[in-house]
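Structure record follows, encoded as structure tokens.
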Amino acid sequence: MTDKYYCESCDRRVDSHVEERTMEFPVRNEPVTITGDVRICNECEGECFDEQLDEVLLQKAYDVYRHLHGIMTPSQIRLTREKFGLSQRNLAKLLGWGEVTITRYETGSLPDHAHNTMLSSLENTQFVDDLFKRSGDKLPLTARVKLQERLNDLKSGLKPDLTFDLPIQTFPIGPLTGFIRFSKDTLKNMILYFASEGNGVLKTKLLKLLWYADFKHYQLHTVSISGTVYARLPHGPAPDDYQDLLAELTLNQEITEEEVNVGGYQGYQITALVGPDLTTLPETAILVLEAVYKHFENVGSAAIKEISHQELGYIETEHCKPISYEYADSLKVDIDIEISE
């Protein structure tokens, strides 16, 4: 039985098919011509609503608009930020922007022209050095020291050592951390665990597995595994500033992140090059990791994203805001875990 999709013309869910079409897509009141897959109603030949295909079309239109107007891509913004060892939150502080602004731009939103000019200027080391002298006092001490070292290396022509300090640990211990202190090492080993199973895992699925593992452990034991703060992002819950840790693991040759085509969609496959150190985790955490992996073993990336979108914590949390672990008791997914007495 095939899934039915909503057709606005027929005003109901209908059988449909996918075909390639060329169309004009409005971006900031400017028509942009793109070609891509569209879901078509079998009855009236009108377009059906398909969140995944529509998102792909939107990003294609954004890419064309970026090219026409010289706007930085999400990957360019991330790589520029990572060159200076800055987290998303600390870059926002340095620029005097809101905390979620960089997150939105790195997950596909279009910067306005003023913000794009500022982001493009970050590719100039001297500009960042001047910005640091003016606004560096807004950063935490460890971030200031790291940025100064990075600037010194870059101005000396040295290749800096790219490591990142996730700002998640700056959150006070409480319902956003699962009532334990954030441990980057624990989160790293959780990533390596899921990425070492099978032939690796798509990034979108990996982020949901981490969320379900931490929240399921909290549901059972009133504390999370890693203390990670998870944000409500467009593709589902994800660790706050997760790109920083993935970049560090990639640079340290602990994982690979490879762009792949899955069913006509572009995704990123995360594969572990080293195994996780499970000796650092309590037995309760290992049991949860095993159960979460087994539960979702045959669930695809798109499916687990949709499942996570139905969770109350995701529904009731504002865009780009942290999801409280107090929603763990309302998880709809029933993951069987045997708890030894």
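The values are calculated or read from the model by the stated rules, or taken from the named source; none is laboratory data. It should be emphasised that the depicted structure is a prediction, and the values quoted were computed from it without experimental measurement. Here Cβ is always computed from backbone atoms with ideal geometry, including for glycine, and neighbour counts include all displayed protein chains.
Rundown of residues vs (1) under 13 Å from residue 203 (Cα atoms); (2) out of contact with any Lys or Arg (no Cβ under 7 Å at 6 or more places or on another chain), yes/no style:
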{"site": "235", "(1), (2)": "yes, no"}
{"site": "243", "(1), (2)": "yes, no"}
{"site": "254", "(1), (2)": "no, yes"}
{"site": "270", "(1), (2)": "yes, no"}
{"site": "288", "(1), (2)": "no, no"}
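Among residues of the stretch 42-98 being in a loop (DSSP other than H, G, I, E, B) and touching a strand residue (DSSP E or B) at 6+ places or on another chain (Cβ under 7 Å), the one that is surrounded by the most Cβ atoms within 10 Å (Cβ to Cβ) is 50.
Residues that are over 31 Å from the mean Cα position of the chain (by Cα) and modelled with pLDDT of 90 or more occur at least once in the stretch 15-27. Highlighted here are the strands (runs of 3 or more DSSP E) found entirely within the stretch 231-341 that include at least 3 residues which are under 30 Å from residue 98 (Cα atoms): 236-239, 265-272.
Residue 301 falls short on exactly one of the conditions (1) touching a helix residue (DSSP H, G or I) at 6+ places or on another chain (Cβ under 6 Å); (2) surrounded by fewer than 18 Cβ atoms within 10 Å (Cβ to Cβ), and that condition is (2). Flag: residue 238 matches the condition of being under 18 Å from residue 209 (Cα atoms) and crowded, with 18+ Cβ neighbours inside 10 Å.
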